[in-house]
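Peer 1: One structure, pasted below without further comment.
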Amino acid sequence: MTTRRWRLAAAVLAAVVGLTAGAASAQVMDRIVSEKKVKIGYIPSPPSTIKDPKTGELSGFYVDAVRLVFKQANIEPEFVETTWANFVAGLQSGQFDLSIAGTFATVARAAAVEFTKPVSYLGYSAVIKKGDTRFHDIADFNNPDVKIAVIQGGASVEYAKENFPKAQLVTLSTGNLLAPFVEVSAGRADIGIEDAWQARRYSREHPEVSDLFDGRPYNVLPIAWAIKRGNTDLLNFMNTAIDWLMINDRFQKIATGYGESGRYIAKLNYVPLGTPIAEKK
């Protein structure tokens, strides 16, 4: 076959693949609209997603916000519980269409899922035993004598492996974002790492520990919801919905209804493209 024919064949194949992919992705939102039902993955993580241990009822500002979004389209959400270690597999296998777990949008994760526009921005902090004088800076973590507790599947694992290769990682298979801090309280780890809000919350309730970076979080990243790669129509729908929630302050009003925790998150809400984060009031 001549070079020209090879190029023509390649172009035709690419077009066919593109059309097939487009048709496949279009079916997702078409199905949701037709069935008037969307499956939403969640991970219990107060205050964004709260599961009543007695009734199983869900609340939280992520839950309330996504319910409001789909109510506008006359679509009924069906919630499916998942974990940080399994939410990507749940999306890829079709267990649910959308994950509203507040996920740090990292480059590594973007290779596995599609991320919506950010719903907030959040950094990490670390909890240590009160009185432990070994740690003054994040560089002090990179020590072979230091045990760092992190949650399996969390972005903190990627960061710790890259920045603290000498430390001993204690990887916890749980959806409880407070678990790394519990390890510190129990003396099974020297440092517990999770998002800055969870660190603040835990340290205020447990006087035996300190929030090392209170008010000065590191590795600040966008928090977004996730969709299976290729489901572009659902991604576009959710991005429009997030704009609608944020520009009209609906998300902020929902969040502030959840007390101090909601107000804290609402301050870190969506920043339109091109707006410096420091200028967002």
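The values are calculated or read from the model by the stated rules, or taken from the named source; none is laboratory data. Just so it is clear, the structure is predicted and the values come from calculations on it, not from any experiment. Glycine also receives a Cβ, built like all others from the backbone with ideal geometry; neighbour counts cover every protein chain displayed.
Peer 1: Starting from residues that are modelled with pLDDT of 95 or more and among the aliphatic types (A, V, I, L, M), keep the ones in segment 111-152 and report whichever is farthest from the chain's Cα centre (by Cα).
Peer 2: Here the answer is Val146.
Peer 1: Of all residues in segment 180-211, which are among the aliphatic types (A, V, I, L, M) and either buried (at least 23 other Cβ atoms within 10 Å of the Cβ) or in contact with a Lys or Arg (Cβ under 8 Å, 6 or more places away or on another chain) (or both)?
Peer 2: The answer is Val184, Ala189, Ile191, Ile193, Ala196, Ala199, Val209.
Peer 1: Looking at Leu245, is it at pLDDT below 90 and either of a type in the set (A, V, I, L, M) or under 18 Å from the mean Cα position of the chain (by Cα) (or both)?
Peer 2: Answer is no for this residue.
Peer 1: Is it true that some residue in segment 45-60 is aliphatic (A, V, I, L, M), outside the structural domain of Asp190 (by TED's automatic domain parsing), over 19 Å from Ser173 (Cβ atoms) and in contact with a Lys or Arg (Cβ under 9 Å, 6 or more places away or on another chain)?
Peer 2: yes
Peer 1: Name the one entry in Glu162, Glu194, Glu158 that is assigned to a strand (DSSP E or B), among the charged types (D, E, K, R), under 23 Å from Arg109 (Cβ atoms) and outside the structural domain of Ser48 (by TED's automatic domain parsing).
Peer 2: Glu194
Peer 1: Checking Lys228 against (1) surrounded by 22 or more Cβ atoms within 10 Å (Cβ to Cβ); (2) not assigned by TED's automatic domain parsing to the domain that holds Glu260: exactly one of these is not met. Which one?
Peer 2: (2)
Peer 1: A further question follows. Regarding segment 13-25, can at least one residue be identified that is crowded, with 16+ Cβ neighbours inside 10 Å, at pLDDT 50 or above and of a type in the set (Ser, Thr, Tyr)?
Peer 2: No, segment 13-25 contains no residue that is crowded, with 16+ Cβ neighbours inside 10 Å, at pLDDT 50 or above and of a type in the set (Ser, Thr, Tyr).
Peer 1: Looking at this structure, is Ser173 small (Gly, Ala, Ser) and surrounded by fewer than 17 Cβ atoms within 10 Å (Cβ to Cβ)?
Peer 2: It is true that Ser173 is small (Gly, Ala, Ser) and surrounded by fewer than 17 Cβ atoms within 10 Å (Cβ to Cβ).
Peer 1: Among the residues of segment 203-230, how many are closer than 19 Å to Phe181 by Cβ, of a type outside the set (Ser, Thr, Tyr) and in a strand (DSSP E or B)?
Peer 2: 3
Peer 1: Follow-up question, since we're still on this one. In the list Arg200, Arg250, which residue meets the criterion of being closer than 29 Å to Met29 by Cα, touching a residue at least 24 places away in the same chain (Cβ under 8 Å) and in contact with a Phe, Trp or Tyr (Cβ under 9 Å, 6 or more places away or on another chain)?
Peer 2: After ruling out the rest, the residue left standing is Arg250.
Peer 1: A further question on this structure: How about segment 217-247: which of its residues are without any contact (Cβ under 8 Å) to a residue 60 or more places away in the chain and among the basic types (Lys, Arg)?
Peer 2: none
Peer 1: Something else now. Within segment 153-170, track down each residue that is crowded, with 16+ Cβ neighbours inside 10 Å, of a type outside the set (Ser, Thr, Tyr) and at negative phi.
Peer 2: Gly154, Ala155, Val157, Glu158, Ala160, Phe164, Ala167, Leu169, Val170
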